[in-house]
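Trainee: Structure below; questions to follow.
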Amino acid sequence: MDEEYDVIVLGTGLKECILSGLLSVDGLKVLHMDRNDYYGGESSSLNLTQLWKRFRGSDTPEENLGASREYNVDMIPKFIMANGLLVQTLIHTDVTKYLNFKAVDGSFVYKKGKIYKVPATDVEALKSPLMGLFEKRRARKFFIYVQDYDEKDPKSHEGLDLSKVTAREIISKYGLEDDTIDFIGHALALHNDDDYLDQPAIDFVKRIKLYAESLARFQGGSPYIYPLYGLGELPQAFARLSAVYGGTYMLNKPECKVEFDGSGKAIGVTSAGETAKCKKVVCDPSYLSEKVKKVGKVTRAVCIMSHPIPDTNDAHSVQIILPQKQLGRKSDMYLFCCSYAHNVAPKGKYIAFVSAEAETDNPEEELKPGIELLGPTDEIFYHSYDTYVPTNIQEEDNCFISATYDATTHFESTVVDVLDMYTKITGKTLDLSVDLSAASAAAEN
Amino acid sequence: MARRPDEEYDYLFKVVLIGDSGVGKSNLLSRFTRNEFCLESKSTIGVEFATRTLQVEGRTVKAQIWDTAGQERYRAITSAYYRGALGALLVYDVTKPTTFENVSRWLKELRDHADSNIVIMLIGNKTDLKHLRAVATEDAQSYAEKEGLSFIETSALEALNVEKAFQTILSEVYRIISKKSISSDQTTANANIKEGQTIDVAATSESNAKKPCCSSS
């Protein structure tokens with residue numbers, strides 16, 4: 001280990017592994033370490049034994065639940081937007097060759113005590129009871145506007161400057177009802193509170209476009225895809241990319257301590273009495289806790305079930321969004337369910353998660369509206385964690401700390417953080433439209 | 001360089017190479033798939049997996065052989081590496097007793113992460129270094145028998161037994177797959193996917209096509 005690296009990365013969470021992969025491909029000499037003996041850090045997927053150890057303090061799960069190895073329970077459950085930034089990153093790096101994906105069967109939204117499928121086709125939209133007939137016409141005009149909107153083509157703007165006009169104003173222009181706004185803002189634009197209404201409409205419109213493009217991308221029943229064997233496969237896939245380009249991997253390294261010089265710049269990392277030198281350190285918040293501040297808390301229930309979530313047409317994988325207004329909360333609650341169909345549980349078993357930004361100290365009570373939608377559960381575990389953002393000045397200490405994963409139901413914010421960190425570390429902006437493997441194939445010709 | 005379409009095959013078998021750093025895994029792979037040997041003893045970098053198509057008991061089998069990319073050096077192989085592997089070549093160096101002693105740890109890792117039906121072959125490599133041999137053939141043979149593994153000694157440098165090693169493990173995998181596909185109504189290709197279809201994330205839909213198809217040069 002006593003060696004010199006350009007970058008030492010601490011923690012094998014998804015963000016850290018993507019960065020490790022990108023930096024190694026760039027030709028930097030990367031050392032990547034984790035205190036655990038498995039990949040993924042906070043974004044790992046646990047087998048049954050690991051789950052029991054973590055939440056029950058024992059390593060003997062109930063026998064009737066099936067083989068431990070057949071479980072891959074995500075600790076940060078999110079679906080992947082089929083046309084989103086993570087898919088672009090996977091294609092850009094050619095990491096798709098290590099992974100298999102399936103479409104997520106459906107997306108639902110909670111309204112007045114019931115769940116409704118978010119329409120995935122025109123036919124479904126026409127039949128959906130989420131809107132009345134006249135409201136559907138008004139919504140259709142709005143969707144056509146969004147579909148045609150092109151940031152670079154002023155003609156498509158119809159006289160509206162979306163960097164100034166608020167989301168509320170554009171919704172008002174199309175005469176949409178409150179229920180429709182709730183549905184569009186939370187189930188399509190995937191905002192998790194109502195702050196977006198008073199922000200410039202550009203983000204709102206872009207998010208709806210992303211939803212529509214993701215829906216069209218693979219024409220599954222929803223805009224989401226999800227990897228076989230769970231999300232823990234993603235950090236491992238990017239770690240392999242890094243290794244293929246020369247990254248060095250060490251697991252089970254206790255107490256990785258960042259060393260600083262007299263002026264407070266990171267110069268290396270010490271673990272088990274050995275020190276590796278480096279120019280920059282990249283890590284998750286837990287490795288440099290004195291350089292981060294708490295900004296929130298996520299609370300979650302993890303459930304093992306022997307049936308699909310009721311009223312989802314027996315979907316093997318599904319998302320249900322419970323908008324804040326429906327629950328009288330400050331932010332949305334999300335249900336995420338996957339199953340043996342994605343190889344994350346034995347045949348006949350389903351894993352469901354209920355997640356939200358914590359607003360109380362009582363997860364059982366707080367998450368109850370979501371848990372009540374699940375029906376009977378075989379097992380249920382609760383966990384909460386604080387979310388952190390870095391407070392350091394990277395130019396001063398050469399430390400680049402990722403933000404904690406939020407409660408959102410997809411990875412857009414995750415990749416935005418990664419791309420931002422990449423730019424700060426390298427001074428370059430990543431062009432995700434370039435397919436690296438195609439570029440290198442062209443170079444070989 | 002003209003890019004030929006994928007050769008047609010009846011079966012695709014993923015086989016993984018494991019074992020300590022420096023035992024010659026990458027040279028076994030390059031010898032088998034490209035008939036090449038590299039004398040530099042660098043840790044594996046840049047090697048993904050390699051494929052070769054061959055005949056096994058009359059069927060066309062495409063072997064997809066995965067190398068570790070160097071992650072074994074500090075015992076950091078991903079559990080995903082073993083995902084879907086039907087065979088494993090557990091390699092040690094006959095001139096380095098430590099690499100043979102570590103076989104039991106690699107075996108445990110396989111049993112923890114790989115499918116329980118995986119075919120495991122123990123390989124003692126570098127038999128060309130006769131004067132440096134430190135692991136007796138008999139010792140490895142009896143260990144392999146005790147653990148239920150196939151066993152062969154090879155020299156990637158001299159291309160001794162390399163072809164035979166791969167042919168043997170692929171034949172064993174084929175036999176197991178055939179037996180399984182008779183007893184089950186699932187097709188082999190879909191054995192890992194319980195329901196529904198995987199999607200090709202890398203496929204570019206027409207509406208998203210931004211660059212023209214690259215022509216062969």
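Trainee: Going 7 Å from the Cα of B:T53 along its beta-carbon direction, which residues of the stretch B:152-175 have the amide nitrogen within less than 16 Å of the resulting point?
Mentor: It comes to no residues whatsoever.
Trainee: Please build a GNM for chain A, connecting alpha carbons under 10 Å apart, and tell me which residue among A:Y71, A:Y149, A:Y116 fluctuates the most.
Mentor: A:Y149
Trainee: Another question about this same structure. Could you pull out every residue, at least 5 positions away or on a different chain, whose amide H is within less than 5 Å of the one on B:D115? Hs are placed 1.01 Å off N in the peptide plane, and Pro or chain starts have none.
Mentor: Close amide H contacts, sequence-distant or interchain: B:G84, B:A85.
Trainee: Let me ask you something else. Going through the cross-link list A:K53/A:K102; A:K117/A:K347; A:K112/A:K368; A:K15/B:K25; A:K325/A:K368; A:K349/B:K179, which pairs have a Cα-Cα distance over 21 Å in this structure?
Mentor: Flagged as over cut-off: A:K53/A:K102; A:K117/A:K347; A:K15/B:K25; A:K349/B:K179.
Trainee: Taking beta carbons within 10 Å but only from partner chains, what does the mean come to for residues A:159-165?
Mentor: Per-residue shielding by partner chains comes out at 0.
Trainee: Sticking with this one: Taking loop as defined by DSSP and a crowding limit of 14 other beta carbons within 10 Å, which trypsin sites (Lys or Arg not before Pro) in the stretch A:153-218 fit?
Mentor: Here the trypsin sites (Lys or Arg not before Pro) that fit, given the DSSP loop and packing criteria, are A:K164.
Trainee: Kindly provide the trypsin sites (Lys or Arg not before Pro) of the stretch A:1-99 that DSSP labels as loop, not H, G, I, E or B, and whose Cβ sees at most 10 other Cβ atoms within 10 Å.
Mentor: Passing both the DSSP loop test and the Cβ count: no residue.
Trainee: Along the Cα→Cβ direction, 7 angstrom out, place labels at A:L160 and A:E124. What is the inter-label distance in nm?
Mentor: 2.5 nm
Trainee: Once you have a ≥ b ≥ c as the square roots of the Cα gyration tensor eigenvalues for the stretch A:1-101, tell me rounded if a/c is under 1.5, and otherwise prolate or oblate according to whether a/b is larger than b/c.
Mentor: Cα axes put the stretch A:1-101 in the oblate bin.
Trainee: Next question, about the same structure. Grab the eigenvalues of the alpha-carbon gyration tensor for the stretch A:117-215, scale each by 5, take roots, and send me the semi-axes largest first in whole angstrom.
Mentor: Taking √(5λ) for each Cα gyration eigenvalue gives 21, 15, 13 Å.
Trainee: Mind checking the angle between helix A:201-218 and chain A's longest principal axis? C-alpha axes, 0 to 90 degrees, to the nearest 10.
Mentor: 90 degrees
Trainee: Once R0 is set to 25 Å, what does the formula 1/(1 + (r/R0)^6) return for the Cβ-Cβ distance between B:S181 and B:S142, expressed as a FRET efficiency to the nearest 0.05?
Mentor: E between B:S181 and B:S142, to the nearest 0.05, is 0.15.
Trainee: Assuming 0.36 nm per residue, please report the length gained on full extension of the stretch A:S433 to A:K206 beyond their Cα-Cα distance.
Mentor: 80.0 nm
Trainee: Per-residue accessible area for A:M421 at 1.4 Å probe radius, Å² rounded to 10?
Mentor: Rounded to the nearest 10, the figure is 10 Å².
Trainee: Here's another thing I want to ask about it. Hey, in the GNM for chain A with a 10 angstrom Cα cutoff, which one of A:V318, A:V269, A:V302 fluctuates hardest?
Mentor: So, out of A:V318, A:V269, A:V302, the one fluctuating most is A:V269.
Trainee: Starting from the stretch A:158-212, pick out the GluC sites (Glu not before Pro) whose DSSP state is loop and whose Cβ has at most 12 other Cβ atoms within 10 Å.
Mentor: Values: sites: A:E158, A:E169, A:E177; in loops: A:E158, A:E177.
Answer by residue number: A:E158.
Trainee: Tell me, in nm to one decimal, what length is gained between A:S172 and A:I393 on full extension, where the rule is 0.36 nm per residue of separation less the Cα-Cα distance?
Mentor: 75.4 nm
Trainee: Expressed as a whole number of Å, what is the distance separating the alpha-carbon centroids of the stretch A:181-199 and the stretch A:1-70?
Mentor: 34 Å
Trainee: What residue among A:S263, A:S286, A:S163 shows peak mean-square fluctuation when chain A is described by a Gaussian network model with Cα springs under 10 Å?
Mentor: For chain A, modelled as a Gaussian network with Cα springs under 10 Å, the answer is A:S263.
Trainee: Which lysines have a Cα lying under 20 Å from the Cα of A:K152, excluding residues fewer than 8 positions away in the same chain?
Mentor: A:K164, A:K206, A:K209, B:K210, B:K211
Trainee: Quick check on chain A: helices-only [θ] at 222 nm, where DSSP H runs of length 4 and up contribute -39,500 (n - 2.57) each and the sum goes over total residues. Nearest 500, please.
Mentor: -8500 deg cm²/dmol
Trainee: Pull out the extension gain between A:D59 and A:K114, defined as 0.36 nm times the separation in residues minus the alpha carbon to alpha carbon distance; nm, one decimal.
Mentor: Computed gain between A:D59 and A:K114 is 16.0 nm.
Trainee: Over what distance in Å are the Cα centres of the stretch A:115-133 and the stretch B:54-116 separated?
Mentor: Centre-to-centre distance over Cα atoms comes out at 50 Å.
Trainee: Between A:K257 and A:D37, what FRET efficiency follows from the Cβ-Cβ distance if R0 is 22 Å, with the result rounded to 0.05?
Mentor: 0.75
Trainee: About the Cα centre, and with charges only on the beta carbon of Lys, Arg (+1) and Asp, Glu (-1), how big is the dipole of the stretch A:117-215? Nearest 20 debye, please.
Mentor: So the dipole magnitude of the stretch A:117-215 works out to roughly 420 debye.
Trainee: In whole Å, what are the Cα extents of chain A along the three principal axes, biggest one first?
Mentor: Each principal axis gives a Cα extent; for chain A these are 70, 59, 48 Å.
The values are calculated or read from the model by the stated rules, or taken from the named source; none is laboratory data. What you are looking at is a predicted structure, and each value in this text was computed from that prediction instead of being measured. Reconstructed Cβ throughout: ideal geometry from the backbone, glycine too, with neighbour counts over all protein chains shown. With ligands, DNA and RNA removed, areas are computed over all heavy atoms of the protein, side chains included. Shrake-Rupley method; radii C 1.70, N 1.55, O 1.52, S 1.80 Å.
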